[in-house]
Amino acid sequence: MKIVILHRKILLSILILCFFFSSLFFCLTTPFSFALELTTNSVLEESLKEKIATLTKSEEKIAYLTFDDGPTLKATEKILDILKEEDVKSTFFVVGKHVKEYPELVKRAYEEGHYIANHGYHHNNKKLYQSSESFIAEVKNTDIEIGKAIGVENYCSHVFRFPNGYMSSNYKSQKKEAAKLLLDMNYAYVDWNCLNNDSVKKYSHSQLLKNLKKSSKNKGTLVILMHDTSDVNDTPSILKDSIHYLKEQGYEFRNFYDLL
């Protein structure tokens, strides 16, 4: 009788160990999948929309690093390498037509834990604001391409950034109407309160960092605008120093998954 009980204990131990190691293997080999919750069926609650809208009013030293206008072959992969090395998760506001061109870059960003948000399909204001229908199509078609790239059916990013920002005076009346459409579509829009001007004109390495320091001075929560295009400046070359500076200032890096 004692021998039988011993065998049962051994068998149970083996089963527990097998379950543990199989679970561990599954976790290590399964790609990042937060976006499985981000679909057209998920709902962005009003309290969360308000939290996103007032994000930069917080005094908490949180840094949301965001990259616009990609993905591109020039910069996105280099930026992802640096973010991985520095263990920083960011948010990419992607352009739909570029997602279609380089889906593998979007897939990598997603699988490494970065938030994939919406920046319109063409990054062309005339097309974007041509009509309500065209605006809705620009947003929805971008999320469709993201969904194809990352393998998530009915993907909905729920977070949109206007090309050139909502705060820009260009197309002001059209943006007001578009903001109403976004609410109806269950999206929030996000601008920024910190930037290094990497898309404005050619700057030296030190000037880009100086721009960031000046823009972030005496601020709590930062939503930082950079670009993963390298059309004007080589953003990857300044990224590591920018991250180190913000960490030295006591900022904790998060992305929009932490909000949702």
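Note that the range 157-168 has calculated 3J(HN,Hα) couplings of 6, 6, 10, 10, 10, 5, x, 6, x, 5, 5, 4 Hz, one per residue in order, obtained from phi through the Karplus relation 6.51 cos²θ - 1.76 cosθ + 1.60 (θ = phi - 60°); glycine and proline are x. Averaged per residue, the chain has 54 square angstrom of accessible surface, using a 1.4 angstrom probe with ligands and nucleic acids left out. A simple packing score, the average count of other Cβ atoms within 10 Å per residue, orders the peptides 190-199, 88-97 as 88-97, 190-199, with the highest score first. The H on the amide N of Tyr189, modeled in the peptide plane, is under 5 Å from the matching H of Phe160, each at least 5 residues off or on a different chain. Taking 22 Å as R0, compute the FRET efficiency from the Cβ-Cβ separation of Glu46 and Ala179 and round it to 0.05. Given R0 = 22 Å and the Cβ-Cβ separation, E is 0.90.
If R0 equals 35 Å, the separation of the Cβ atoms of Val200 and Ser132 corresponds to a calculated FRET efficiency of about 0.65.
Rounded, prolate or oblate: which one fits the range 211-260, using the alpha carbon gyration tensor with axes a ≥ b ≥ c (rounded when a/c is under 1.5, else prolate when a/b beats b/c, else oblate)? Here the range 211-260 falls in the oblate category.
Got a number for carbon plus sulfur as a percent of the range 154-195's accessible area, 1.4 Å probe?
Ligands and nucleic acids excluded, carbon and sulfur reach 50 percent.
If you take the square roots of the eigenvalues of the alpha-carbon gyration tensor of the range 51-200 and sort them as a ≥ b ≥ c, do you get rounded (a/c under 1.5), prolate (a/b over b/c) or oblate? Because a/c hits 1.5 or more and a/b fails to exceed b/c, the range 51-200 counts as oblate.
Here the Karplus curve 6.51 cos²θ - 1.76 cosθ + 1.60, taken at θ = phi - 60°, turns the phi angles of the range 193-202 into couplings of 10, 8, 7, 10, 6, 5, 10, 7, 7, 6 Hz, with x standing for Gly and Pro. For the chain, complete DSSP H runs whose alpha carbons reach 18 Å or more along their own long axis and whose mean Kyte-Doolittle score is -0.5 or higher are 2-29, 132-150, 235-248.
Ellipticity at 222 nm from helices only: DSSP H runs of n ≥ 4 in the chain, each -39500 (n - 2.57), divided by the residue count, give -15000 deg cm²/dmol. Take the Cβ atoms of Glu59 and Lys210, set R0 to 25 Å, and the FRET efficiency comes out at 0.55. For Ser230, the residues 5 or more places off, or on other chains, whose built amide H falls under 5 Å of its own are Thr235.
The values are calculated or read from the model by the stated rules, or taken from the named source; none is laboratory data. No experiment lies behind these values; they were computed from the predicted model shown. Positions of Cβ are backbone-derived with ideal geometry, glycine not excepted, and every protein chain shown enters the neighbour counts. Just the protein is used for accessible areas: all its heavy atoms, side chains included, with ligands, DNA and RNA removed. Shrake-Rupley method; radii C 1.70, N 1.55, O 1.52, S 1.80 Å.
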